[in-house]
Amino acid sequence: MFDNYNRQINYLRISVTDRCNLRCFYCMPEKGVEMLQHSDILSFDEIAAITRIAVGMGVNKVRITGGEPLVRKGVVNLVKMLASIPGIDDLSMTSNGTLLSRYASQLKEAGLNRLNISLDTLDSEKYRKITRGGNLVEVLTGIKAARDAGLSPIKINCVVKKSSNEPDAKTIKAFCNDNGFQVRFIHQMSLTEGHFSVVEGGSGGDCSNCNRLRLTANGKLMPCLFNGIGFDVRKMGAEEAIRMALENKPACGSMNLSGEFFNIGG
Ligand code: SF4
């Protein structure tokens, strides 16, 4: 499928929860967040049905995001359901890695192809501060479990303030080189200020070549991260919501005053 700017849209990012076991300062507000009601969250059957329709319309790349997708109970079953949909060539997940040592081999067996794992520093004290209480050892153990399970490639999402020349970024790059991982440098963004840039080493933020739509955990089909509009799949039906999202996909992002990274899935 193509949007009004003749961009081929073949990538669906699915946020399966707004919850997370970390509180990264650039994602979760200090004051805490109001979580979605359970009844507002799409069921696995709903997500699979929407994805099946999206694949029928031209999607062949699907990413599972959150919040932290591994905190959603039974998420391995969802991976199995999505992996069984013919036409998905690439099924991936973005995770903070803290629970991967428990789930990596199950995810692989369920049909997950690959992972992006968030890691901004190898300094355990800095990591604890950035994530407001996270344990670096858990992530490193999780990354090892993902590699041992055969999930590949492993990409490391490293958030930087301004540049990939920052000391922590250089350390992460060396860590990736030493371990055969790929690194993505994501410059800190602000939805409400409309502040974003192209992901170094990735395709996010490259509006002229944007190929993605997003499905939020509460069933909003969003044409763009940096634009507040979303179409309610439960009210409109998946096909109509996808059509409207395509029809209303902006040439480029501006700002998003209604959403937060943790409930859109970045
Ligand atoms: S800001 Fe919007 S249009 Fe630009 S790359 Fe992100 S999702 Fe695509």
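Name the single residue, out of those in the stretch 206-229 being in a loop (DSSP other than H, G, I, E, B) and free of Cβ contacts under 8 Å to residues at least 24 places away in the same chain, that is farthest from Glu247 (Cα to Cα).
It comes out as Asp206.
Among residues belonging to the stretch 238-266 that are in a loop (DSSP other than H, G, I, E, B), open to solvent by 30 Å² or more (accessible area, probe 1.4 Å) and not aliphatic (A, V, I, L, M), point out the one that is nearest to the ligand (Cβ to nearest atom).
Cys252
Is it true that some residue in the stretch 139-151 is modelled with pLDDT of 95 or more, open to solvent by 30 Å² or more (accessible area, probe 1.4 Å) and closer than 28 Å to Arg52 by Cβ?
Checked against the condition, which is being modelled with pLDDT of 95 or more, open to solvent by 30 Å² or more (accessible area, probe 1.4 Å) and closer than 28 Å to Arg52 by Cβ, the stretch 139-151 yields at least one hit.
Tell me, please, whether a residue that is open to solvent by 10 Å² or more (accessible area, probe 1.4 Å), over 19 Å from Gly66 (Cα atoms), part of a loop (DSSP other than H, G, I, E, B) and at pLDDT below 95 can be found in the stretch 155-162.
yes
Suppose we filter the stretch 122-144 for residues that are in a helix (DSSP H, G or I) and of a type outside the set (Lys, Arg); how many remain?
12
Which residues, taken from the stretch 46-71, are touching a helix residue (DSSP H, G or I) at 6+ places or on another chain (Cβ under 8 Å) and of a type in the set (Asp, Glu)?
Result: Glu46, single match.
Would you mention how many residues in the stretch 33-60 are without any contact (Cβ under 8 Å) to a residue 60 or more places away in the chain and among the charged types (D, E, K, R)?
Qualifying residue count for the region: 3.
Identify the residue in the stretch 89-111 that is free of Cβ contacts under 8 Å to residues at least 40 places away in the same chain and of a type in the set (A, V, I, L, M) and, among all such residues, is surrounded by the most Cβ atoms within 10 Å (Cβ to Cβ).
Restricting to residues being free of Cβ contacts under 8 Å to residues at least 40 places away in the same chain and of a type in the set (A, V, I, L, M), the top hit is Met93.
Quick check, is Gly58 small (Gly, Ala, Ser), on the phi > 0 side of the Ramachandran plot and in contact with a Lys or Arg (Cβ under 8 Å, 6 or more places away or on another chain)?
Answer is no for this residue.
Criterion first (surrounded by 13 or more Cβ atoms within 10 Å (Cβ to Cβ), small (Gly, Ala, Ser) and in contact with a Ser or Thr (Cβ under 8 Å, 6 or more places away or on another chain)) does Gly67 satisfy it?
Yes, satisfied.
If you go through the stretch 183-228 one residue at a time, how many are within 21 Å of Leu36 (Cα to Cα), open to solvent by 20 Å² or more (accessible area, probe 1.4 Å) and of a type in the set (Val, Ile, Thr)?
1
Got a number for residues in the stretch 183-232 being on the phi > 0 side of the Ramachandran plot and within 8 Å of the ligand (Cβ to nearest atom)?
Residues that pass the stated criteria total 1.
The values are calculated or read from the model by the stated rules, or taken from the named source; none is laboratory data. As the structure is a prediction and not an experimental result, all values here were calculated from the model. Cβ sites come from the backbone with ideal geometry, for glycine too, and all protein chains shown count toward neighbours. Please note that ligands, DNA and RNA were not included when accessible areas were found on the heavy atoms of the full protein model with its side chains. Shrake-Rupley method; radii C 1.70, N 1.55, O 1.52, S 1.80 Å.
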